[in-house]
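As structure tokens, the structure follows; a few thoughts come after it.
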Amino acid sequence: MTREDVACQAISPRLSRRQALWGGLGLGITVQFMGARAYADSQGALAQKKLVVIVCRGGLDGLSLSPPVGDANYGALRGAIAIPGFGEVGGALKLDDTFGLHPAMGATHALAVKGQARIVPAVATPDRERSHFEAQDVLESGASVVYGTSSGWLNRALEAMGPAGKVKAISVGPTAPLILRGPIEAASWSPGGAAGGDPRLPGILGDLYAHDPLLGPALASGMATQAMAKIAVADVAQSEAAMTDSQVNAGGATLAPVLRQGLPQARKLGATLAAFMTQPDGKQVAAVSIDGFDTHANQGATQGQLALRLAYVDAFLDGLASGLGPSWNNTVVVLATEFGRTARVNGTAGTDHGTASTALVLGGALKKGGIVGDWPTLAQARLFENRDTAPTLDMRGLFKGVLRDHMGVERAKLDTQVFPGSAGVAPADGVVA
Amino acid sequence: MAIDRDLKSAIAVTRLGLGAKDGEIAAAHDDPEGYLIAQIRPEGAEQPQANAPTAAERFNEFRAYQQERQAAKQAGDVKTDPVKMAARMLRDDTGVDFLARVRLAAGTDAGFRERWALFWANHFTVSANKLVTATVVGPFEQEAIRPHVFGRFEDLLVASSSHPAMLLYLDQAQSIGPNSIAAQFQARTGKHVGLNENLAREIMELHTVGVDAGYSQADVTEFARAMTGWSISGLREPDAGRFTFRDRAHEPGARTIMGRRYAEGGEGQARAVMKDLAASPHTAHHLAVKIARHFVADDPPPTLVARLQRAYVDTNGQLGAVAKTLITSPEAWNPTAAKFKTPYEFLVSSWRAAGVLPQDIAAIAPVMNAMGQKAFSAPSPKGWPEEKEVWCAPDAVIKRMGWSEAFAAKAVGDRDPAQLAANALGARLSPLVAKTIARAETRPEGLSILLMSPEFQRR
């Protein structure tokens with residue numbers, strides 16, 4: 001597909017908006033009963049909304065991502081891996097009197113100051129087994145028990161948003177994450193070389209795959225994404241050319257220079273995903289996996305292995321937020337992990353598998369406010385099994401709140417279809433403006 | 001369902017083996033099961049490298065490098081870039097090992113034996129995505145896995161769990177009993193040391209009984225206590241870089257794990273636990289499911305699982321007997337190819353089909369990365385996933401197509417793609433794909449179509 005072809009396709013959303021307008025006039029009476037918000041949704045506001053879900057694999061230590069340096073027990077529990085307090089060298093970046101962000105999360109903190117990033121400091125999936133693999137399964141499948149369903153909740157949410165293809169989704173990475181697997185076809189993309197030179201081959205294979213339920217849709221989707229990728233990568237190259245070196249290298253300021261070398265790529269990856277999402281007829285929903293958070297030994301504090309991973313996350317988020325431009329105001333990003341880590345430092349200057357952790361919500365579409373959910377504190381009596389941060393919010397409630405208030409998914413579908421058997425888990429209120 | 005020997009020999013070589021070399025399906029034709037059973041041997045799998053560097057040597061190199069780096073830092077030598085140095089070491093050592101492994105797979109006459117070894121290497125994953133284990137995945141496989149893959153599971157389990165690569169990958173080497181002599185000594189100096197339960201948990205969850213076996217957090221912690229002391233000799237100690245038992249770090253006392261009591265026994269305490277874990281019916285079931293899932297279908301037939309489980313229990317975990325049961329089970333020969341190849345399997349079978357031995361790791365590594373299976377770098381201790389949905393993402397199919405084109409252009413030479421297809425798939429080659437290859441405009445296009453055909457992408 002050439003760039004011109006894609007430009008031509010760009011007309012179709014406009015046409016459909018005009019058609020929707022005419023349709024809306026015919027439904028005038030109904031509209032009054034629907035209320036302003038429902039009206040807007042029914043008339044294509046959903047088409048502007050963007051949702052990015054980032055899964056941090058390995059059990060991200062919430063007490064380092066958003067260190068509760070104001071909590072009386074934090075320093076003693078954490079020992080050598082405690083993040084220093086506000087204003088100290090390498091100290092936490094202040095959010096409120098209790099919480100800060102890890103010092104490697106500078107760009108995220110700048111968003112937080114503007115009310116465009118909030119923390120959810122004690123959230124957990126319903127799984128309590130402390131197994132990576134079970135917990136990731138529950139996080140991504142959205143089931144209440146492990147291996148309860150083989151599709152992902154984000155895929156079923158797409159199903160709930162309308163007929164197949166209405167809201168398009170993409171995952172970043174060479175393999176398909178569970179969260180986006182399911183009946184609705186989703187694109188996938190990863191950086192790297194595209195197909196080779198034989199222009200006949202995709203057509204020949206398309207014919208061979210005509211009745212192949214696995215390869216057929218995958219090839220078709222892959223080819224369409226290739227066409228978008230050409231434009232996305234060109235757009236990012238153009239905007240990068242206009243940036244100064246210090247902008248490109250921003251982030252991870254507290255890290256030694258040698259450790260910052262992966263950060264420009266992370267930023268670029270975020271910007272490229274943004275370019276996929278801002279193209280005409282672009283992807284509205286994206287799933288991203290970032291791994292490397294299983295810090296059993298020598299996890300570090302201001303510096304160290306976890307700081308490096310968090311700087312990577314920060315650079316990715318920065319690239320995504322800047323790349324989305326005006327669309328950032330219609331975007332919600334949720335970052336979550338399968339479980340948190342032990343409140344106490346372990347015997348090897350790391351932390352073991354725990355329970356509740358911190359999730360982040362970001363975006364111009366957020367409602368301003370403090371932490372989402374309650375903070376149980378780290379008082380010994382409040383620790384879950386005298387070991388972990390106690391959960392105060394069900395992860396599904398957070399996801400449900402975002403899907404309801406940002407993507408307009410109705411409660412009944414959230415309770416039964418997207419998160420089966422979760423009627424007792426209320427959507428988190430007041431996250432999205 | 002009875003299937004003819006044409007199809008059965010094709011299945012033997014492409015599903016249970018690593019893909020057909022020229023003439024291999026014909027060689028299996030008279031007795032497909034016997035062809036595979038003959039590959040089972042007590043001495044285990046082939047070694048990819050003769051006289052390979054040992055894990056101990058690699059560790060010692062790594063530690064020496066760390067010390068040099070520290071010294072350089074103290075001397076203010078800013079030019080020694082540790083990340084670049086480590087990256088070079090990683091590329092060189094890991095590259096040599098990985099190339100040897102893919103060359104073995106691409107060339108061996110015993111494809112089933114190698115697949116069986118790769119299965120166990122993945123079951124006991126040590127990943128290069130951790131710096132300290134980056135250069136020892138190959139040696140780990142050579143020393144701990146390959147010699148034991150047709151022996152007793154218990155021996156394989158102990159070999160894996162006591163190997164320095166595993167002890168470091170899952171943080172066991174530094175785990176210290178809170179009431180041990182070492183911990184008391186450290187406490188006097190004000191240093192807090194203690195337990196790390198990572199390896200203990202993964203042995204139970206991933207390597208033996210499985211997460212549904214009904215054990216608790218307390219069982220995991222008790223096993224972690226029993227395992228304290230399993231460690232590695234330091235640079236200045238005898239047998240540097242090898243397994244050692246540190247009595248002073250061992251948590252004293254008896255332990256209770258999954259309802260069984262284990263008397264104090266030093267190093268033997270954890271071995272006694274492993275013996276019982278290996279003998280557990282939960283382990284028999286867990287392993288049977290994994291074998292059936294890898295060799296036959298993501299959603300494995302329960303009857304096959306039951307057969308494998310019974311073979312394991314009846315023989316006290318003799319893996320050669322389990323392998324033979326797999327080969328002689330009717331479920332393994334289902335005419336439908338249910339498995340979608342992983343990138344490693346796809347590349348290996350492509351090399352075999354084209355009769356090519358890979359030469360250059362610099363050409364292979366980026367391809368493995370792009371297809372989502374970075375060399376020796378499984379994403380977690382769970383190893384590489386099996387499910388087709390993971391590997392058949394749209395992006396991955398595009399990357400496979402791009403590689404096939406580039407590979408076919410170089411590899412096909414003056415050979416006839418139709419003949420290559422017949423050699424590679426035998427009776428599994430569908431009339432539609434055969435016809436499409438026959439109509440290809442060029443030889444490279446014909447080979448690309450073969451490699452990307454639905455039946456070649458599956459096994």
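Below is a table of values for the structure above.
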{"item": "Failed criterion for residue B:382 (all others in (1) within 11 Å of chain A (Cβ to nearest Cβ); (2) in a helix (DSSP H, G or I); (3) within 20 Å of the chain's Cα centre (by Cα) hold)", "result": "(2)"}
{"item": "Hits in region B:403-447 - residues which are polar (S, T, N, Q) and either touching a Cys at 6+ places or on another chain (Cβ under 8 Å) or within 12 Å of chain A (Cβ to nearest Cβ) (or both)", "result": "B:404, B:430, B:436, B:442"}
{"item": "Answer residue from region B:218-228, given it is away from chain A (no Cβ under 12 Å) and buried (at least 24 other Cβ atoms within 10 Å of the Cβ) and is farthest from residue B:176 (Cα to Cα) among those", "result": "B:223"}
{"item": "Looking only at region A:278-320, and only at residues there that are aliphatic (A, V, I, L, M) and part of a strand (DSSP E or B), the one that is farthest from residue B:193 (Cα to Cα)", "result": "A:285"}
{"item": "Top-ranked residue in region A:96-138 [being farther than 20 Å from residue A:390 by Cα, within 17 Å of the chain's Cα centre (by Cα) and not in a loop (DSSP other than H, G, I, E, B); ranked as nearest to the other protein chains (Cβ to nearest Cβ)]", "result": "A:137"}
{"item": "Residue count, region A:139-154 (criterion: at pLDDT 85 or above and within 11 Å of another protein chain (Cβ to nearest Cβ))", "result": "2"}
{"item": "Unmet requirement for residue B:317, which otherwise passes all of (1) surrounded by fewer than 21 Cβ atoms within 10 Å (Cβ to Cβ); (2) farther than 29 Å from residue A:150 by Cβ; (3) in contact with a helix residue (DSSP H, G or I) (Cβ under 6 Å, 6 or more places away or on another chain); (4) touching a residue at least 40 places away in the same chain (Cβ under 8 Å)", "result": "(1)"}
{"item": "Test: residue in region B:394-410 that is touching a residue at least 12 places away in the same chain (Cβ under 8 Å), buried (at least 23 other Cβ atoms within 10 Å of the Cβ), touching a Leu at 6+ places or on another chain (Cβ under 6 Å) and not assigned by TED's automatic domain parsing to the domain that holds residue B:128", "result": "yes"}
{"item": "The one condition in (1) part of a loop (DSSP other than H, G, I, E, B); (2) within 14 Å of chain B (Cβ to nearest Cβ) that residue A:170 fails to fulfil", "result": "(1)"}
{"item": "Residues that are of a type outside the set (Val, Ile, Thr), in a strand (DSSP E or B) and within 14 Å of chain A (Cβ to nearest Cβ), drawn from region B:231-254", "result": "B:231"}
{"item": "Entirely in region B:131-211, the helices (runs of 4 or more DSSP H) that have 2 or more residues that are without any contact (Cβ under 8 Å) to a residue 40 or more places away in the chain and surrounded by fewer than 24 Cβ atoms within 10 Å (Cβ to Cβ)", "result": "B:153-161, B:181-188"}
{"item": "Qualifying positions in region B:16-29 - crowded, with 23+ Cβ neighbours inside 10 Å and touching a residue at least 60 places away in the same chain (Cβ under 8 Å)", "result": "B:16, B:17, B:18, B:19, B:20, B:21, B:24, B:25"}
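Matching residues to (1) at pLDDT below 95; (2) out of contact with any Phe, Trp or Tyr (no Cβ under 7 Å at 6 or more places or on another chain); (3) more than 24 Å from residue A:111 (Cα to Cα):
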residue: A:336; (1), (2), (3): no, yes, no
residue: A:347; (1), (2), (3): yes, yes, yes
residue: A:359; (1), (2), (3): no, yes, no
residue: A:374; (1), (2), (3): no, yes, no
residue: A:409; (1), (2), (3): no, yes, yes
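Let's see how each residue does on (1) farther than 23 Å from residue B:139 by Cα; (2) surrounded by 13 or more Cβ atoms within 10 Å (Cβ to Cβ):
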| site | (1), (2) |
| --- | --- |
| B:213 | yes, yes |
| B:216 | yes, no |
| B:232 | no, yes |
| B:237 | no, no |
| B:240 | no, yes |
| B:244 | no, yes |
| B:250 | yes, yes |
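The values are calculated or read from the model by the stated rules, or taken from the named source; none is laboratory data. Quick caveat: nothing in here was measured; it's all calculated off a predicted structure. So basically every Cβ, Gly included, is an ideal-geometry build from the backbone, and we count neighbours across all protein chains shown.
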